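Below is one structure; the comments refer to it alone.
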Ligand code: SAM
């Protein structure tokens, strides 16, 4: 095996920098070689959950002083970290699982370090978002990440109403005790025909990836209580987009057909829109039926 120090070469790891490191989302083997190298190199590791991170580090024989940085103390902890970086330490930040900053703390710490004009170095790796998208297929080729929906029904409904006509696939994170009602809420808000990917327990023993329609989603989840256990990513197809020009042409042809025969309507529509007269003639014939 090539030594980690050799594999991680090609980049300088300056002192006084914060290293933001992605960790596995389930399978401990999904840590990168570079992450292991830098975790071994830094003076200290700031972690969302020091117990969890301690366990992960011990799997790899890494022992470092840990600092707790979670959503309730992120600002205060950030100041302590900035002070240490200014004194020349290298510090890593890891969230509980996956990529920091994605539905996880980390953003305030990153802002504080940047405001102090100190370097912030990203080390990519696992994220439930990218893992689910990698098996979603073409319907999610363009997507928007939403994360967790509000837990209260009223707020969830109003958020979904604002997303109903969004053209990109939407990616949600969801917890086991809410997944069924969230999928039902998605079907209620968006209609039943859009495609849905339910990605559960990714990279873990009970990993399951199921593709169905929004209408089928709640039934599939309810059929077997085990299907509602674990962590979830939901990917929902974007709103179907009407071809604006076709819809406009249809409206124009319909109006013209009230006043003149098919041939004339096609000729006027072609002159007004610049579209093909033959195509408009064929469409006018269909509309006339
Ligand atoms: N920062 C993480 C990332 O990069 O994916 C996400 C952290 S967020 C607090 C946790 C949520 O991510 C879970 O509730 C679930 O929706 C999703 N998630 C995390 N691990 C997952 C997994 N192994 N399978 C499916 N979803 C997962």
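I need a count of the residues in the range 87-100 that are surrounded by fewer than 19 Cβ atoms within 10 Å (Cβ to Cβ) and touching a strand residue (DSSP E or B) at 6+ places or on another chain (Cβ under 7 Å).
Restricting attention to the range 87-100, the residues satisfying the condition of being surrounded by fewer than 19 Cβ atoms within 10 Å (Cβ to Cβ) are 87-89, 96.
So of that shortlist, the ones also touching a strand residue (DSSP E or B) at 6+ places or on another chain (Cβ under 7 Å) come out as 89.
Adding up the residues that qualify gives 1.
Tell me the residue from 117, 177 that is surrounded by fewer than 18 Cβ atoms within 10 Å (Cβ to Cβ) and under 29 Å from residue 214 (Cβ atoms), please.
Values: 117 fails: under 29 Å from residue 214 (Cβ atoms).
Just a single option satisfies the conditions, and that option is 177.
On the basis of being at positive phi, within 14 Å of the ligand (Cβ to nearest atom) and not assigned by TED's automatic domain parsing to the domain that holds residue 80, does residue 137 make the cut? If you could, list the steps in order and put the result at the bottom.
Working: at positive phi: yes; within 14 Å of the ligand (Cβ to nearest atom): no; not assigned by TED's automatic domain parsing to the domain that holds residue 80: yes.
It is false that residue 137 is at positive phi, within 14 Å of the ligand (Cβ to nearest atom) and not assigned by TED's automatic domain parsing to the domain that holds residue 80.
Among the residues of the range 37-59 satisfying the criterion of being out of contact with any strand residue (DSSP E or B) (no Cβ under 8 Å at 6 or more places or on another chain) and farther than 21 Å from residue 202 by Cβ, which is nearest to the ligand (Cβ to nearest atom)?
So, considering only residues that are out of contact with any strand residue (DSSP E or B) (no Cβ under 8 Å at 6 or more places or on another chain) and farther than 21 Å from residue 202 by Cβ, the one nearest to the ligand (Cβ to nearest atom) is 51.
Being in contact with a strand residue (DSSP E or B) (Cβ under 6 Å, 6 or more places away or on another chain), in the same structural domain as residue 163 (by TED's automatic domain parsing), within 26 Å of residue 159 (Cα to Cα) and buried (at least 16 other Cβ atoms within 10 Å of the Cβ) is the requirement here; does residue 199 meet it? Break it down stepwise before answering.
Working: in contact with a strand residue (DSSP E or B) (Cβ under 6 Å, 6 or more places away or on another chain): yes; in the same structural domain as residue 163 (by TED's automatic domain parsing): yes; within 26 Å of residue 159 (Cα to Cα): yes; buried (at least 16 other Cβ atoms within 10 Å of the Cβ): yes.
The answer is yes for residue 199.
Being within 12 Å of the chain's Cα centre (by Cα), crowded, with 17+ Cβ neighbours inside 10 Å and within 16 Å of the ligand (Cβ to nearest atom) narrows it down to one of 129, 149, so name that one. Don't jump to the end; show me each part of the working.
Working: 149 fails: within 12 Å of the chain's Cα centre (by Cα).
Going through 129, 149 in turn, just one is within 12 Å of the chain's Cα centre (by Cα), crowded, with 17+ Cβ neighbours inside 10 Å and within 16 Å of the ligand (Cβ to nearest atom): 129.
Can you find even one residue in the range 177-189 that is within 11 Å of the ligand (Cβ to nearest atom), in contact (Cβ under 8 Å) with a residue 12 or more places away in the chain and touching a helix residue (DSSP H, G or I) at 6+ places or on another chain (Cβ under 7 Å)?
Yes, the range 177-189 has at least one match.
Can you tell me which residue in the range 89-115 is nearest to residue 47 (Cα to Cα), limited to those that are within 7 Å of the ligand (Cβ to nearest atom) and not in a strand (DSSP E or B)? Let's see the steps before the verdict.
The first filter runs over the range 89-115 and keeps only residues within 7 Å of the ligand (Cβ to nearest atom), leaving 95-100, 102-104.
Adding the requirement that they be not in a strand (DSSP E or B) leaves 95-97, 99-100, 102-104.
Working: 95: 6, 96: 7, 97: 10, 99: 12, 100: 10, 102: 15, 103: 15, 104: 11 Å.
If we take residues in the range 89-115 being within 7 Å of the ligand (Cβ to nearest atom) and not in a strand (DSSP E or B), then 95 is nearest to residue 47 (Cα to Cα).
Of (1) surrounded by 13 or more Cβ atoms within 10 Å (Cβ to Cβ); (2) part of a strand (DSSP E or B), residue 35 satisfies all except one. Which?
It is condition (2) that residue 35 fails.
Condition first: in a strand (DSSP E or B) and either within 16 Å of the ligand (Cβ to nearest atom) or under 12 Å from residue 197 (Cβ atoms) (or both). Now tell me which residues in the range 116-126 satisfy that. Break it down stepwise before answering.
The first filter runs over the range 116-126 and keeps only residues in a strand (DSSP E or B), leaving 120-123.
Once the filter is applied, which keeps residues that are in a strand (DSSP E or B) and either within 16 Å of the ligand (Cβ to nearest atom) or under 12 Å from residue 197 (Cβ atoms) (or both), the range 116-126 yields 122, 123.
Out of the range 3-34, which residues are modelled with pLDDT under 75 and under 19 Å from residue 56 (Cβ atoms)?
Correct list: 4, 8.
The values are calculated or read from the model by the stated rules, or taken from the named source; none is laboratory data. None of the values given here were measured: they were computed from a predicted structure. Virtual Cβ from ideal backbone geometry, glycine too; neighbours counted across all protein chains shown.
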